[in-house]
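The values are calculated or read from the model by the stated rules, or taken from the named source; none is laboratory data. These numbers were taken from a predicted model, which means no experiment stands behind them. Cβ sites come from the backbone with ideal geometry, for glycine too, and all protein chains shown count toward neighbours.
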Amino acid sequence: SRKVSADIRYLGKKGRLDDCFRVFEQGGVRNKYTYTNLIDACVRCNQLHRAKEVFRRIREDGIVCDTTTYNVLIRGYGRAGRLRDVFDTYNMMLQHEVRPDEFTLSTVISACVHKNMTEEVLRVFKDVRDQGVLLGRPTYNHLLSVLCHSGRVAAAQDVIACMRSDKIIPDSNTFTTLMNGFVRSAHPEKALEVFNDMQQLGLPANAVTYTSLILMYGRLRKISEAFACFDTMVREGVPPDEITYNTLVDICVEANDLDHAVKAFELLKKDPNLQGKISARTFTALMRAYCQDHRIDDALNVLDEMDKAEVKPNTHTYSVLLEACVRSGHAQLAPQIWERMLKSQVTPDSIVYTTYIKCLGKTGKLEEALAVIEDMQKRGLRPDEGVFTTLAEVCIAGGDVAAAHNVLNRLQTQNFRRT
RNA sequence: AGUGUAGCAGGCAUA
């Protein structure tokens, strides 16, 4: 049983879901461990419908599942953004008298980030605490981050009080987490207050802390303050890391400030700690800056620069480029770029495919666009809702309504809900 | 035995 479970887990992490099922069936061991690992594998491979099916089979087999089984399923729903199912599963768990634990809380929190579901999160927090479970610092930090994100300052203060009564002293990470929550809330400037509190308590700020501050200035469209913050960081002896630079470039792009984006990129090049090593992520950020300015040539130059530096582009690189082609009226360049992508051994994902379909549609290549589905399947990729939706739009724009219907019918057979 | 846990980018949908 242990071996079967371990194999399923290993294969699931590798994305080899069919092998997981094979091992499960052939292993002949059916208990809560093998079942739970199988569900987990389905979730990791984004095959929620199979996860649900396995969960149903547990019951039919008369096996009692435990907290972990529910946690794994909840995580699956959370990743799919299906919040109602998250809480339905949670309630089912309580009904069956399976006790939620720290993992449950943390999983629910992850599911609720970016959604305004703080009441529900607080309820789970209360349930778990009522069980007498002592929570660790990471879980508290996680919880605080969601609360700040939703602007629930008072609730966050209550949680900090709970933390202290559990003898967990808020540390630098706690404060940084609070800042991050606020930066993404409706009131990014609150992050600065937290930063000041932190300084007063004498807690050290690290690269994450300063990067959050930089992001805050970006959100407030204060680019020069963001750069000043970067200078302070360096002066205080906190070495910026790659994410700091990426953030700097990104906020300039958001603010439509190409000059500063280039400046941030130059700063990175000069950083002795990074030794001139520039990742695909960073190059892509710079490309976005040019793309936003409709400077496709310059964006393509960045691609050349990557080749020269022997940095392999990734799927983001190409989706950014292709999207820029659509937006800047250069969709005719797409097939060339696509070939270049394949040549550099980048395996396109659904997002790159969707963007490519947009390009093909814009240049009236309906046939090619429709052929994309087969191309994806040949690669063992399951087209997602975005691919189908875009393809249908392209058909309609091309005046072929029948083809659009066809696409939507296929979408239904693929187990997707139509939106 | 198994699940979660501080900062970054792309299409579609959603507001």
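Among the listed residues A:22, A:50, A:84, which satisfies the condition of being away from RNA strand B (no atom under 13 Å from the Cβ), modelled with pLDDT of 95 or more and in a helix (DSSP H, G or I)? Talk me through it step by step, then tell me what you get.
On the way: A:50 fails: modelled with pLDDT of 95 or more; A:84 fails: modelled with pLDDT of 95 or more.
Checking each option against the conditions leaves just A:22.
The set of residues in the stretch A:103-124 being touching a residue at least 24 places away in the same chain (Cβ under 8 Å), more than 8 Å from RNA strand B (Cβ to nearest atom) and of a type outside the set (A, V, I, L, M, F, W, C) consists of A:114, A:115, A:116, A:118, A:120. Scanning the stretch A:264-280 for residues that are buried (at least 16 other Cβ atoms within 10 Å of the Cβ) and either in a helix (DSSP H, G or I) or without any contact (Cβ under 8 Å) to a residue 12 or more places away in the chain (or both) yields A:264, A:265, A:267, A:268, A:274, A:280. Scanning the stretch A:221-248 for residues that are under 13 Å from residue A:206 (Cα atoms) and touching a residue at least 12 places away in the same chain (Cβ under 8 Å) returns A:229, A:230, A:232, A:233, A:236, A:238, A:239, A:240, A:241, A:243, A:244.
Kindly evaluate residue A:70 against the criterion of being farther than 24 Å from residue A:148 by Cβ and within 14 Å of RNA strand B (Cβ to nearest atom).
In short, yes.
On the stretch given as the stretch A:87-101, residues that are surrounded by fewer than 17 Cβ atoms within 10 Å (Cβ to Cβ) and in a helix (DSSP H, G or I) total 5. With respect to being of a type outside the set (D, E, K, R), under 27 Å from residue A:384 (Cα atoms) and at pLDDT below 95, residue A:27 falls outside the description.
So residue A:4 ticks every box in (1) of a type in the set (Val, Ile, Thr); (2) under 23 Å from the mean Cα position of the chain (by Cα); (3) within 12 Å of RNA strand B (Cβ to nearest atom); (4) more than 28 Å from residue A:153 (Cα to Cα) but one. Which box is left unticked? Just one mismatch for residue A:4, condition (2). One residue is enough: does the stretch A:130-138 have a residue meeting the conditions near RNA strand B (Cβ under 10 Å from one of its atoms) and in a helix (DSSP H, G or I)? The answer is yes, given that some residue of the stretch A:130-138 is near RNA strand B (Cβ under 10 Å from one of its atoms) and in a helix (DSSP H, G or I). Among the residues of the stretch A:353-371, not a single one is β-branched (Val, Ile, Thr), more than 8 Å from RNA strand B (Cβ to nearest atom) and in contact with an Asp or Glu (Cβ under 9 Å, 6 or more places away or on another chain).
Taking the condition more than 11 Å from RNA strand B (Cβ to nearest atom) and farther than 28 Å from residue A:48 by Cα, does residue A:374 pass? No.
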